[in-house]
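Input: a single structure, listed below in C-alpha cells.
The values are calculated or read from the model by the stated rules, or taken from the named source; none is laboratory data. Note that the structure is a prediction, hence the values are computed from the model and not measured. Reconstructed Cβ throughout: ideal geometry from the backbone, glycine too, with neighbour counts over all protein chains shown. Side chains included, ligands, DNA and RNA excluded: accessible areas come from the protein's heavy atoms. Shrake-Rupley method; radii C 1.70, N 1.55, O 1.52, S 1.80 Å.
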Amino acid sequence: DQQVKQNSPSLSVQEGRISILNCDYTNSMFDYFLWYKKYPAEGPTFLISISSIKDKNEDGRFTVFLNKSAKHLSLHIVPSQPGDSAVYFCAASRLLSGSARQLTFGSGTQLTVLP
Amino acid sequence: KAGVTQTPRYLIKTRGQQVTLSCSPISGHRSVSWYQQTPGQGLQFLFEYFSETQRNKGNFPGRFSGRQFSNSRSEMNVSTLELGDSALYLCASSRGGQRELNTGELFFGEGSRLTVL
C-alpha cells in the first residue's frame, strides 16, 4: 500500500526552464510534506517543506504547492540548473503516539537538467 | 558540526550470514531512524529509536533489528541474509523532541551499501 506516490520515475528539462515534480498521497493524517534531494553516493538532503494548512511555500528557486483536496503536491524549480540533476523524493509526515513522527517516502523522480 | 556518520560504507555478504551496520547521529540528536532504499521502491522505513527505546517500527521481518546506545549511536542488524536484502541502508537523525514535532525533518547519512551474494 503506497501511501505516497511519485508516478514519474524520470524527468528531463532544459537548463533555464521550469522543472515540475509531482507527488500524490492517500493518507489524510499527513500534516507536513517535505522534499528531499539525493545525489549518487550521498544521503538525501532536505530541500523544502510545507504544512498542510498552507497551499504554497517558496524558498529561492524552489516552490512547493499543496492541493489538499486532490491530495497532490508539486515541486517547482525555476530556473532549472544542471546542478539540480538528482533524485527528488517526496515525503509525508504524520504524528504517531506521543512525540513520534514518521516520514513516508515516495519512490523518487530522477531529474536531469540538460545544458 | 559533524553530520550523520554511517559505517561501513560498503560491504559484501553471502546468503545466510548476518550483518551489523552502525550509525552515529548529529551531536545532540536523540532520535535515529533507519531506512532501506532499493531501486524503484524509494525509502522504506525500518525503525526509529529515541532515548534507547524503539519508538516506531516499519513492516519488515524480525530478521531486521536494531538498538540504540546511551550516547544515541545506533546499530541495525540483519540476520540470515537473503538476496533481496541487497540495498542501501540509510540512517537519519533528528532531535526527536517537541521542536521536531512540526515537520519530521530528518538528517541523513551517506548510507551503507550492502550486497548479498
Determine which single condition residue A:86 fails, assuming it passes every other condition in (1) within 23 Å of residue B:39 (Cβ to Cβ); (2) free of Cβ contacts under 8 Å to residues at least 24 places away in the same chain.
(2)
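A quick yes/no check of all residues on (1) over 27 Å from residue A:34 (Cα atoms); (2) aliphatic (A, V, I, L, M); (3) within 11 Å of another protein chain (Cβ to nearest Cβ):
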site	(1), (2), (3)
B:44	no, no, yes
B:51	no, no, yes
B:59	no, no, yes
B:69	yes, no, no
B:74	no, no, no
Only unsatisfied item for residue A:41, checking (1) of a type outside the set (Ser, Thr, Tyr); (2) more than 11 Å from chain B (Cβ to nearest Cβ); (3) open to solvent by 20 Å² or more (accessible area, probe 1.4 Å), is (2)
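Going by what's in this entry, would residue A:59 be described as out of contact with any Phe, Trp or Tyr (no Cβ under 7 Å at 6 or more places or on another chain) and within 12 Å of another protein chain (Cβ to nearest Cβ)?
Details: out of contact with any Phe, Trp or Tyr (no Cβ under 7 Å at 6 or more places or on another chain): yes; within 12 Å of another protein chain (Cβ to nearest Cβ): no.
Against the criterion (out of contact with any Phe, Trp or Tyr (no Cβ under 7 Å at 6 or more places or on another chain) and within 12 Å of another protein chain (Cβ to nearest Cβ)), residue A:59 does not qualify.
Tell me, which strands (runs of 3 or more DSSP E) lie completely within the range B:8-58 with 1 or more residues that are of a type in the set (Phe, Trp, Tyr)?
Values: elements: B:10-13, B:19-24, B:31-38, B:42-50, B:53-57.
Hits in the range B:8-58: B:10-13, B:31-38, B:42-50.
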Filtering the range A:1-26 for residues that are closer than 18 Å to residue A:62 by Cα and acidic (Asp, Glu) leaves a count of 1
Scan (1) within 28 Å of residue B:50 (Cβ to Cβ); (2) open to solvent by less than 40 Å² (accessible area, probe 1.4 Å); (3) within 13 Å of chain B (Cβ to nearest Cβ) for the single condition residue A:109 breaks and write down its number.
(1)
If I filter the range B:18-37 for residues that are touching a residue at least 24 places away in the same chain (Cβ under 8 Å), within 11 Å of chain A (Cβ to nearest Cβ) and open to solvent by 40 Å² or more (accessible area, probe 1.4 Å), do I get at least one hit?
yes
Residue list for the range A:46-58, filter: surrounded by 15 or more Cβ atoms within 10 Å (Cβ to Cβ) and of a type in the set (Val, Ile, Thr):
A:48, A:50
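Which of the residues spanning the range B:1-47 are small (Gly, Ala, Ser) and out of contact with any Phe, Trp or Tyr (no Cβ under 6 Å at 6 or more places or on another chain)?
Filtering the range B:1-47 for residues small (Gly, Ala, Ser) gives B:2-3, B:16, B:22, B:24, B:27-28, B:31, B:33, B:40, B:42.
Correct list: B:2, B:3, B:16, B:22, B:24, B:27, B:28, B:33, B:40.
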Is there a residue in the range A:11-33 that is closer than 28 Å to residue B:23 by Cβ and open to solvent by 60 Å² or more (accessible area, probe 1.4 Å)?
yes
